[in-house]
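Take a look at the structure below.
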Amino acid sequence: MSFCFSCLLVNGKMNPLGPTPSVHRSVSSRLLRLSVFLLLSLLDSKGKAMWTAHLNITFQVGNRIISELGESGVFGNHSPLERVSGAVVLPEGWNQNACNPLTNFSRPDQTDTWLALIERGGCTFTHKINVAAEKGANGVIIYNYPGTGNKVFPMSHQGTENIVAVMIGNLKGMELLHLIQQGVYVTIIIEVGRMHVPWLSQYVTSLFTFLASTVIYLFLQCAWIPRVPNLTRRQRQIKANVKKAIGQLQLRVLKEGDKELDPNEDSCVVCLDVYKAQDVIRILTCKHFFHKTCVDPWLLAHATCPMCKCDILKP
């Protein structure tokens, strides 16, 4: 988050030199309220935390028993935080995404407890996990898309009851897949790792940067309040053009079934909240979209997309 004090609005007009004395108190009050809001947002981290998963992997190659332990996964948002263990089992057939409700799993005869290893994609996380659970899996390990390396994120999978679900990276998933396809018997013990708030460090840095800027701003205002000339005709024209361009951007009301409501899709990068049915979104010329109430003030001040910086005044 960044703030340009040279681009503050005064009485609905763009002021290139800063606020006038008449709005100094109002701007200071707003800065203080925004600081408090950001601080409270940081404290409300319970719902946004993620838990890592320690995977203790064991398999035998020849006469050697190989074990490796790593914090290589994350628990799903709706997964119980519990220890679970068992042999790693694949879906039968060439398709490893377990989207077919009739999917069976190649469970070894000597296996009492087993964990399903499933590829991401093709259907929802909830569907995959429930398919494995109905076949008797004690836990589910889902590995990420090809090309994502070992990147992971907490899955959203409401309605999966009490089965442990963990995501691991594509590289680790493919390594396990190839071992099992070669007939290697692999067992994994999943242990609960540590709680992380991945956005916390970024927000703390932004908050302290913002608070420091606020203090400097208020100090400069107390020490020196410049005289501000009236806006030029060109600046007023630019302001009018920005308002006109915003009014010409497409609006859409989200409804049930829209792909934007998929929990796996991105949330609004301005407010960080997920999209919900009946939300009004503004679609920019670059095809990025945001909540209308979030992006309109941003566009009014910057006239660019918050993500790619595309200028809405350009064709």
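Sort 181-189, 60-68 by the packing proxy (mean of other Cβ within 10 Å over each peptide's residues), most packed first. The partial results should precede the final answer.
Numbers: 181-189: 14.4, 60-68: 9.2.
So the peptides 181-189, 60-68, ranked by packing, come out 181-189, 60-68.
To the nearest 0.05, how large is the calculated FRET efficiency for T293 and E191 if R₀ is 51 Å and r is the Cβ-Cβ distance? Mind dumping the intermediate values first?
On the way: r = 43 Å, r/R0 = 0.85.
Efficiency for this residue pair is about 0.75.
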Worksheet entry | Listed peptides 150-159, 210-219 by packing density, highest first (mean Cβ within 10 Å) | 150-159, 210-219
Worksheet item: Say each of S106 and V253 gets a label point 7 Å from the Cα, pointing the same way as Cα to Cβ; how far apart are those two points in nm?
Response: 5.2
Worksheet item: In terms of Cα to Cα distance under 17 Å, which aspartates and glutamates are near enough to K151, apart from those fewer than 8 places away along the same chain?
Response: E71, E119, E175, E265, D266
Discussion item. Place a point 7 Å from the Cα of S267 along the Cα-to-Cβ direction; which residues of segment 134-177 have their backbone N under 18 Å from it?
Written reply: 152-158
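Can you tell me the relative contact order of segment 233-315? Whole percent, Cα pairs under 8 Å, sequence separation 6 or more. Before the final figure, lay out each step's value.
Numbers: 106 pairs, mean separation 24.6, N = 83.
About 30 percent, as a whole number.
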Discussion item. Can you compute the charge dipole magnitude of segment 50-193 about its Cα centre, using +1 on each Lys and Arg Cβ and -1 on each Asp and Glu Cβ, nothing else charged? Give it in debye, rounded to the nearest 20.
Written reply: 220
Fill in: Contour excess over end-to-end distance, with Cα ends at E92 and A301 and 0.36 nm allotted per residue
69.7 nm
Response to the item:
K151 neighbourhood, Cβ < 13 Å, K/R = +1, D/E = -1, net charge +2
Response to the item:
Given a Förster distance of 30 Å, the FRET efficiency implied by the Cβ-Cβ spacing of N63 and T113, rounded to the nearest 0.05, works out to 0.70
Worksheet item: What ranking, highest mean first, results for peptides 93-105, 165-177 when packing means the other Cβ atoms within 10 Å averaged over each residue?
Response: 165-177, 93-105
Discussion item. Student exercise: in segment 233-315, how many lysine pairs 8 or more apart or on different chains have Cα atoms under 16 Å apart?
Written reply: 12
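We did not get these values from a lab; they are worked out from the coordinates using the rules stated. Keep in mind that this is a model prediction, so the values were computed, not measured. Here Cβ is always computed from backbone atoms with ideal geometry, including for glycine, and neighbour counts include all displayed protein chains.
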